[in-house]
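Just below is one structure, and these are the notes that go with it.
The values are calculated or read from the model by the stated rules, or taken from the named source; none is laboratory data. The structure displayed is predicted, hence computed values, not measured ones. Positions of Cβ are backbone-derived with ideal geometry, glycine not excepted, and every protein chain shown enters the neighbour counts. Only protein heavy atoms, including side chains, enter the accessible area calculation; ligands, DNA and RNA are left aside. Shrake-Rupley method; radii C 1.70, N 1.55, O 1.52, S 1.80 Å.
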Amino acid sequence: MCGIVGYVGKRDAAPLLLDGVQRLEYRGYDSAGLAVVADGGLVVEKVAGRIIDLQAHLGERLPQGTVGLAHTRWATHGVPNDSNAHPHIDCGGTLAIVHNGIIENANALREWLKEKGHRFRSDTDTEVLAHLIEQFLNGSLVEAVSTALGHVEGAYGIAVVSTTEPETLVAARFGSPLLVGLGDGEHFVASDAAALLEYTRDVVYLDDGEMAVVRQDGYEITDLQAQHVEKLVTTLEWDLAKIERGGHAHFMLKEIMEQPESIRNTLRGHLLEDEGTAKLSGINLDDDELLEFDRIVITACGTSWHAALIGEYMLEELARVPVEVEYASEFRYRNPIVDENTLVIAISQSGETADTLAAIREAKQRGARTLGIVNVVGSSIAREVDGGTYLHAGPEIGVASTKAFTCQVAVLALLTLRIGRLRALSVLQGREIVQALQRLPEQVAEVLSQADRVKQVAETFMRAQNALYLGRGYNFPVALEGALKLKEISYIHAEGYPAAEMKHGPIALIDDMMPVVFIAPKDAVHRKILSNIEEVKARRGRVLAVVTEGDEQITELADHVITIPESIDPLTPVLSVLPLQLFAYYTAVRRGCDVDQPRNLAKSVTVE
Ligand code: F6R
């Protein structure tokens with residue numbers, strides 16, 4: 001988590017740094033700070049709170065200087081207060097560092113440094129790095145940073161400036177993303193390209209174990225032993241308007257409303273209607289290789305894990321391959337049965353989730369072939385897997401994942417087509433799925449056009465303390481996802497269950513105060529879920545149902561219904577989740593919650 005921006009150039013650094021770090025605020029937002037090298041000295045300003053608080057603290061007194069760095073934090077070590085905010089400085093106040101990640105041997109290093117006479121001002125692991133670099137600083141800043149990093153265990157993305165080399169910024173990466181932005185007579189460093197889009201599109205992604213020495217007129221990438229590393233320059237295609245709110249009150253609403261377009265982008269160029277299959281060249285697997293796997297394991301966290309469950313249902317039903325879905329955090333610490341005949345798929349919007357990355361590394365070590373279904377291009381997971389497919393959903397800034405989820409399900413359908421056509425699906429069945437996928441963007445737009453209606457329903461439930469989400473078959477994972485959306489942004493306690501499980505416990509909770517959200521499209525289990533709704537109504541529960549257009553039976557039973565158009569069963573989740581995203585959004589707004597930056601959460605969880 002956290003966001004880093006650094007600048008070396010000819011312009012005043014502070015306004016640029018503040019602007020860049022504001023674009024990264026979604027990565028963490030409990031404290032913020034900047035350091036600027038000015039008149040041979042170092043000006044460091046930092047506060048607990050958001051960038052807006054830092055701006056208020058600075059007022060008109062922006063430090064003057066053309067080299068600097070800034071940070072927005074999501075606390076891992078030490079509470080969010082002024083002294084724990086980044087940047088951190090050494091005893092002499094000559095160098096400043098910002099850091100993402102966790103230094104695992106920070107305690108041992110701190111004790112050693114204290115013995116050497118260093119005085120600490122914060123509870124952070126990052127400050128240890130500042131003193132460690134100072135300890136080794138004897139001439140070259142780059143050498144001091146690389147020697148210090150040689151003593152560090154853990155994950156880091158760092159940027160360092162020092163008055164001893166006032167025109168240089170040193171950055172390094174191990175396990176936490178970092179890139180260099182190339183400008184004309186100016187260079188940048190950032191943990192996420194979103195910070196730099198206004199200034200440059202040309203970036204160089206650092207890999208683990210690499211350092212960047214960045215100056216106004218150039219940059220060099222080396223390994224930790226100072227050996228030059230040749231790197232590719234990537235030109236970003238993201239457009240600035242896309243990372244702004246585009247007229248919507250919140251990023252989350254913008255991202256919900258973008259789904260017709262994001263799904264269209266996900267599917268673009270992949271569907272082969274005549275053959276009834278999908279083209280997925282990025283997976284780097286030919287037909288023979290795809291037939292060799294006897295098992296698929298999908299690993300992910302949170303919302304991406306819910307998409308994985310839908311993938312399991314699809315792949316098992318249509319491609320007839322055994323699939324297991326594992327929380328990445330569990331997979332990495334178990335002794336999973338994975339070998340060269342297992343295909344391990346990681347699903348991650350950010351591509352930086354620490355547990356998912358670790359799970360992929362574990363799978364590779366055991367000889368498995370790995371694939372990534374990732375949104376952020378050039379992210380760590382995308383670069384470590386053997387192959388994969390990008391979502392092309394565009395940047396997702398709102399902390400609650402929305403458009404990434406529907407695009408993930410769409411990619412899983414593409415993969416099901418690709419594998420299914422080799423194993424179990426006829427060309428006619430394949431074509432039916434292709435056609436259903438082609439209809440999706442329009443159908444998504446149709447569901448989203450009912451936003452006002454969902455808003456009215458949210459109004460009636462906004463004071464609820466709890467909610468139960470129930471679905472069956474393909475829509476059981478949607479129940480989990482709907483409940484997660486509601487709890488994370490509105491702070492209403494919500495649980496998702498397979499509808500039939502209700503009788504095994506949760507039914508005890510139902511009374512006239514309990515909202516029960518049924519995801520009940522006309523699919524193979526429709527009749528079964530109808531009886532579950534009867535059971536809830538018999539106990540005076542308040543029912544909101546997501547149903548297929550024209551479903552009179554449920555419309556008569558439920559207190560509120562939102563309709564979705566007809567689709568094939570495996571694709572109903574892409575439609576049925578939309579009212580639940582909107583429901584969570586409007587409920588949270590009505591309750592006065594900070595929808596885009598809910599408490600305690602951060603967009604990408606780059607620590608365990
Ligand atoms: C929920 C949410 C999280 C993420 C999870 C995995 O709205 O956003 O549950 O889905 O942290 O993140 P990624 O997909 O980036 O690996």
Counting only residues that are surrounded by fewer than 24 Cβ atoms within 10 Å (Cβ to Cβ), of a type in the set (A, V, I, L, M, F, W, C) and either free of Cβ contacts under 8 Å to residues at least 12 places away in the same chain or not in a loop (DSSP other than H, G, I, E, B) (or both), how many does the stretch 423-433 have?
-> 2
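From Leu149, Leu196, which residue is surrounded by 22 or more Cβ atoms within 10 Å (Cβ to Cβ), out of contact with any Pro (no Cβ under 9 Å at 6 or more places or on another chain) and not aromatic (Phe, Trp, Tyr)?
On the way: Leu149 fails: surrounded by 22 or more Cβ atoms within 10 Å (Cβ to Cβ).
Exactly one of Leu149, Leu196 is surrounded by 22 or more Cβ atoms within 10 Å (Cβ to Cβ), out of contact with any Pro (no Cβ under 9 Å at 6 or more places or on another chain) and not aromatic (Phe, Trp, Tyr), namely Leu196.
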Pairing a residue in the stretch 283-294 that is of a type outside the set (S, T, N, Q) with any residue that is outside any helix (DSSP H, G or I) and open to solvent by 80 Å² or more (accessible area, probe 1.4 Å), where Cβ atoms lie under 9 Å and the two sit 6 or more apart in sequence or on different chains, gives Glu292/Glu340
Can you list the helices (runs of 4 or more DSSP H) found entirely within the stretch 266-367 that contain at least 1 residues being crowded, with 21+ Cβ neighbours inside 10 Å?
-> 302-314, 328-331, 354-365
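Quick check on the stretch 541-562: of everything there that is open to solvent by 40 Å² or more (accessible area, probe 1.4 Å) and assigned to a strand (DSSP E or B), which residue is nearest to Gln429 (Cα to Cα)?
Step one: list which residues in the stretch 541-562 are open to solvent by 40 Å² or more (accessible area, probe 1.4 Å), which gives 542, 549-550, 552-553, 555-557, 559-560.
Then drop every residue that is not assigned to a strand (DSSP E or B), which leaves 542, 560.
Numbers: Arg542: 39, His560: 35 Å.
The residue in question is His560.
Checking the conditions here, which among Ile507, Ile529 is more than 25 Å from the chain's Cα centre (by Cα), closer than 15 Å to Gly473 by Cβ and touching a residue at least 24 places away in the same chain (Cβ under 8 Å)?
Working: Ile507 fails: closer than 15 Å to Gly473 by Cβ.
When all the criteria are applied, what remains is Ile529.
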Among the numbered criteria (1) open to solvent by less than 10 Å² (accessible area, probe 1.4 Å); (2) touching a residue at least 40 places away in the same chain (Cβ under 8 Å); (3) in a helix (DSSP H, G or I); (4) more than 16 Å from the ligand (Cβ to nearest atom), which single criterion is violated by Pro477?
-> (4)
Which of the following residues is buried (at least 20 other Cβ atoms within 10 Å of the Cβ), modelled with pLDDT of 95 or more and more than 22 Å from Ile256 (Cα to Cα): Gly420, Gly471, Gly482?
-> Gly420
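Quick one: which of Val577, Val605 is more than 24 Å from Glu25 (Cβ to Cβ), among the β-branched types (Val, Ile, Thr) and within 20 Å of the chain's Cα centre (by Cα)?
Numbers: Val605 fails: more than 24 Å from Glu25 (Cβ to Cβ).
Answer to the check: Val577.
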Residue that is farthest from Asp559 (Cα to Cα) [pool: residues in the stretch 520-536 that are small (Gly, Ala, Ser) and open to solvent by 10 Å² or more (accessible area, probe 1.4 Å)] | Ala524
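Could you check, for the stretch 287-295, whether at least one of its residues is under 26 Å from the mean Cα position of the chain (by Cα) and either within 15 Å of the ligand (Cβ to nearest atom) or not hydrophobic (A, V, I, L, M, F, W, C) (or both)?
Residues of the stretch 287-295 that are under 26 Å from the mean Cα position of the chain (by Cα), as a first pass: none.
Checked against the condition, which is being under 26 Å from the mean Cα position of the chain (by Cα) and either within 15 Å of the ligand (Cβ to nearest atom) or not hydrophobic (A, V, I, L, M, F, W, C) (or both), the stretch 287-295 yields no hits at all.
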What strands (runs of 3 or more DSSP E) lie completely within the stretch 27-86 and have 2 or more residues being open to solvent by 10 Å² or more (accessible area, probe 1.4 Å) and within 26 Å of Pro177 (Cα to Cα)?
-> 41-48
Checked Ile97, Ile158, Ile102, Ile89 against criteria (open to solvent by 10 Å² or more (accessible area, probe 1.4 Å), aliphatic (A, V, I, L, M) and within 18 Å of Val37 (Cα to Cα)); the one match is Ile89
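Residue by residue through the stretch 354-385, note down the ones that are hydroxyl-bearing (Ser, Thr, Tyr) and modelled with pLDDT of 95 or more. Working first, answer last.
Here is the first cut: in the stretch 354-385, the residues hydroxyl-bearing (Ser, Thr, Tyr) are 356, 370, 379-380.
Across the stretch 354-385, the qualifying residues are Thr356, Thr370.
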Candidate set: the stretch 377-387, residues that are open to solvent by less than 40 Å² (accessible area, probe 1.4 Å) and among the aliphatic types (A, V, I, L, M); chosen: the one farthest from the ligand (Cβ to nearest atom) = Val385
